[in-house]
Amino acid sequence: MNPRLSSVCELEVASMREWAGMHERFDGVVQDLSPGGVSAAVARLGVGPTEPDSHDEAHLSAAEAGLRTTYAIVEEHRRNPLPHLGNLDLSCYERQYAPASEREDGRRRHIAAWPDAVEAAIDALDQVPAPVARALLPAARGLEAGVPLPGEGHPAGAKGESVAKAVAALGRLVSHLERVAEEGDPDPSLGAANLIRLMGDGEAMSVDLGRLAERADAERNRLVDAMAEACRRLDAGSSPAALVPELLADHPAEAADIYAEATGQIADATAFVLQRDLLPDLGGQCMVGPAPPSRRWAMAMMSWAAPLEEDAPSWYYVTPPDPAWPEQEQRQWLEVFSRTTLPAITVHEVMPGHYAHGRMLRRVRGDVRRAVFSTAFVEGWAHYGEELFLEEGFREDDPRFSIGVCIEALVRVTRLAVAIGLHTGAMTMGEAVHRFEADAFLRGPAARAEADRAGYDPTYGRYTWGKLEILALRDEAMAHWGRRYSHRRFHEALLDLGAPPLGLMGRVLDP
């Protein structure tokens, strides 16, 4: 491996282990996220030869620039617990990518490394805003669920002692975050300059927040009009404000019912992709189940069979409501997975979204394309998939699918508006919660969770941004290729680049 790429991997150990599949190198390994460890790793970036392929060189250079910004300029390891929680997370060993004994050995070594990783985290996390700490405390506490207790494969003795030390270390981290949640800075904003760099440097693009906010407003207006039209098709005498709450109230009664319904939707979406010749037959297996407790900061997510590992089932994780919540709040959470919105979520997470992307990544060539991912492209592609299904007529006889896509898209475009507003100081957290309630039909804990996420995931506007950039590039491809254009040609050419920075996607138009 190019030592430059190796240095990038060493700054993204958790994602390289799970999303790229570098298990031989990183199973059982924690990243040194102490201030000194990060400084030393950043200093190694860029040291090594140029990639022979010009696109791969530009892709790798963008990744290096993004990591310098993340760790040396914005210093996310000091203000954001999320990289540290990912560093400790053991749920990656649950997928069957290798024999159980190998995965258990990785988990054991990982657990043994927790005390050092926790001390590094506590040393580093000296700039955490109080709202960020509060939002991530449930995920921090949930990490313990991945640690087997004595009698669960770790009997008393050396192994039991290792587990006890790990759990005690996690307790120190949780206590640290609890203090910050009470005493930390109440302002989670990064500032406009930091947000611009954090969004753009890794994407090989310059970012104009004012122009991006205008695009977000225009997209919101388009979606509102599209939703109104779909609602008229379903019930000509009702308005979206009256109809959508009724639709959201029609949801599976239990989390297990969500998993069953999503499984059926996967089959429908896969058949549609093949029928419309949008992608090749990708094979593989996608399972549906509850998100591990350490990952319940997101409502749904994909854990795919990574490109550098042996093929194995991927997992479509759904976060169930917390049983400790009041019954009303649990019902409000389940509205996220209503029979109107769950099909759109499944299209996004599975087919032709993240799962399909993961299958395509297993086919691309070169280490850079198989290991280094633009998150704006990854999420933009999945969000584009929802739009694509609407265009192609998926469930065209049921306006609820169109309404569901619009609701999900309104959540994503609201994320973009909230991220810009919150981190430039133009919006308070309370205003952010209201924005999700007013524009995205979210209520209670779901609206609060989305607003809170802006604090620790400041680039989560990437969903809409990525979708809009892919749609713009598709328009260029249609004009450039003329009669030679087809959706499948465009999709395969784009995904052959892996998960490229948004600013480098135009390579698909090269002769």
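Measuring max minus min along each principal axis, the C-alpha atoms of the stretch 209-509 give extents of 50, 41, 40 Å (largest first).
When both the stretch 461-492 and the stretch 32-47 are represented by their alpha-carbon centers, they are found 37 Å apart.
Exposure proxy for Ile403, Ile258: other Cβ atoms within 10 Å of each Cβ, ordered fewest to most, give Ile258, Ile403. How large is log10 of I(q)/I(0) for the stretch 372-479 at q = 0.17 Å⁻¹ when the intensity is taken from the Debye formula with one equal scatterer per alpha-carbon? Results for the stretch 372-479 at q = 0.17 Å⁻¹ read -0.84. DSSP beta bridges confined to the stretch 209-509 are antiparallel in about 45 percent of cases. Each of Ser338, Ser206 was scored by other Cβ atoms within 10 Å of its Cβ. Arranged with the fewest first, they read Ser206, Ser338. In the chain, the DSSP beta bridges split such that about 45 percent are antiparallel, to the nearest 5.
The calculated pair-distance distribution of the stretch 306-423 uses every alpha carbon pair, bins of 10 angstrom beginning at 0, and gives 12, 34, 33, 19, 2, 0 percent.
Near Met287, the amide H atoms lying under 5 Å from its own belong to Ser314, Trp315, Tyr316; only residues 5 or more places off or on other chains count, and H is placed 1.01 Å from N. By the Cα gyration tensor, the stretch 454-511 has an equivalent ellipsoid whose semi-axes, rounded to whole angstrom, run 26, 11, 9 from largest to smallest.
Placing unit charges on the Cβ atoms only, positive for Lys and Arg and negative for Asp and Glu, gives the stretch 391-463 a dipole magnitude near 340 debye about its Cα centre.
Each of Trp315, Gly358, Pro292 was placed along the dipole of the stretch 279-367 (beta-carbon charges, centred on the mean Cα), and the one lying farthest toward the positive end is Gly358. Using the Cβ-Cβ distance between Arg222 and Ala493 with R0 set to 45 Å, the FRET efficiency works out to roughly 0.95.
Summary value for the chain: 18 percent relative contact order, contacts being C-alpha pairs under 8 angstrom separated by 6+ residues. Taken over the chain, the percentage of Cα pairs per 10 Å bin, counting from 0 up to the bin with the maximum distance, is 4, 19, 31, 29, 14, 3, 0. In whole angstrom, note down how far apart the Cα centers of the stretch 168-198 and the stretch 410-442 are. Result: 20 Å between the Cα centres. The Kirkwood radius of the stretch 163-289, taken over pairs of alpha-carbon atoms, gives through the Stokes-Einstein law at 10 °C and 1.306 mPa s a diffusion coefficient of 75 µm² s⁻¹.
Every number here is computed from the coordinates shown, using simple stated rules; none is lab data. As the structure is a prediction and not an experimental result, all values here were calculated from the model. A quick note on method: Cβ atoms are made from the backbone with ideal geometry, for glycine too, and the neighbour counts reach across all protein chains shown.
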